[in-house]
Amino acid sequence: MHIREWPPDERPRERLLAYGATALSDAQLLAIFLGSGLRGRDAVTTARDLIHAHGPLRTLLEKPAAALMKLPGLGPARACLLLAALELGQRFVGADLKRGALMTDPQAAGQYFVQRLRGRPHEVFAVLFLDTRHRAIAFEELFHGTIDGAHVHPREVARRALALNAAAAICGHNHPSGNPEPSGSDRTITARLKEALLLVDVRLLDHIVVGDGTPVSLAARGWL
């Protein structure tokens, strides 16, 4: 049966318009981007097969463009649509930063780092610089690779804080393994950063570790 013959409440587009995007399953959302399925299969079934074989959804969408476009039911055009949608989502999240959003809520800051860093294939250390009212000034990725004491340079973080006239900062990095539990090295880096930033009168408010699930706040653990 073609999707057009389904009951309206089961058709992805009609269901989205009636109930909102959150009412759709992963397969239904993906089917909207596919538009149509493989020969003899509707878009929802094709999307469900893609998620089953190459998912879950996050794993599927984290594939590089070259790999994504080779999957059955996708191809260059649909892969581009998916990658563009992901980037739109990232820019939407970043829009609050450009408006100087307040970062007084640790959960909001943690979610912001999740949106920016989760899914990276390598470790990325980033800093969110804030003004005296804890409004966002800038988000900068400062170090890439293995995040340990040899690769994160507190002087560089302090230099950027001074250049941006920041009064506070929240730093964060991701664990590509998916385990957000902070390591001993993470705690050492946090202590060094806090000390270096205090020398230039900048407060380090938190260090957030991003993995799968809920990010971990070192401040909430009492380690900052």
- Message: Please list 3J(HN,Hα) in residue order for region 24-33, calculated via the Karplus relation 6.51 cos²θ - 1.76 cosθ + 1.60 where θ = phi - 60°; whole Hz, with x for glycine and proline.
- Response: 8, 6, 4, 5, 5, 4, 5, 4, 4, 6
- Task: For region 131-183, list log₁₀ I(q)/I(0) at each q in 0.23 Å⁻¹, using the Debye formula over Cα point scatterers of equal strength and ignoring solvent, two decimals each.
- Result: -0.98
- Over the Cα atoms of region 3-92, what Rg and Dmax result, in angstrom? 12.9, 37
- Query: Out of the DSSP beta bridges found with both residues in the chain, what percent are antiparallel (nearest 5)?
  - Reply: 70 percent
- Computed helical MRE - 222 nm, the chain, DSSP H runs ≥ 4 contributing -39500 (n - 2.57), nearest 500: -13000 deg cm²/dmol
- trypsin sites (Lys or Arg not before Pro), restricted to region 1-42: which are DSSP loop and have at most 13 other Cβ atoms within 10 Å? R39
- Task: Could you pull out every residue, at least 5 positions away or on a different chain, whose amide H is within less than 5 Å of the one on F143? Hs are placed 1.01 Å off N in the peptide plane, and Pro or chain starts have none.
- Result: F125
- Given N residues in region 106-203, what is Rg(Cα) / (2.2 N^0.38 Å)? 1.02
- Helix 76-98: angle to the longest alpha-carbon principal axis of the chain, degrees 0 to 90, nearest 10? 40 degrees
- Net +/- balance of residues flanking R221 in space, Cβ distance below 13 Å, scoring K and R +1, D and E -1: -2
- Message: Report the per residue volume, in Å³, of the convex hull enclosing the C-alpha atoms of the chain.
- Response: 135 Å³
- Note on the structure: In the neighbourhood of F143 defined by beta carbon distances under 9 Å, the net charge of the other residues (Lys, Arg +1; Asp, Glu -1) is -3
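Quick note: the coordinates plus some simple rules give every number you see, no bench work behind them. Since this is a predicted model, take the numbers as computed values, not measurements. Don't worry about glycine lacking a Cβ; one is built from the backbone with ideal geometry, like all the others, and counts go over all protein chains shown.
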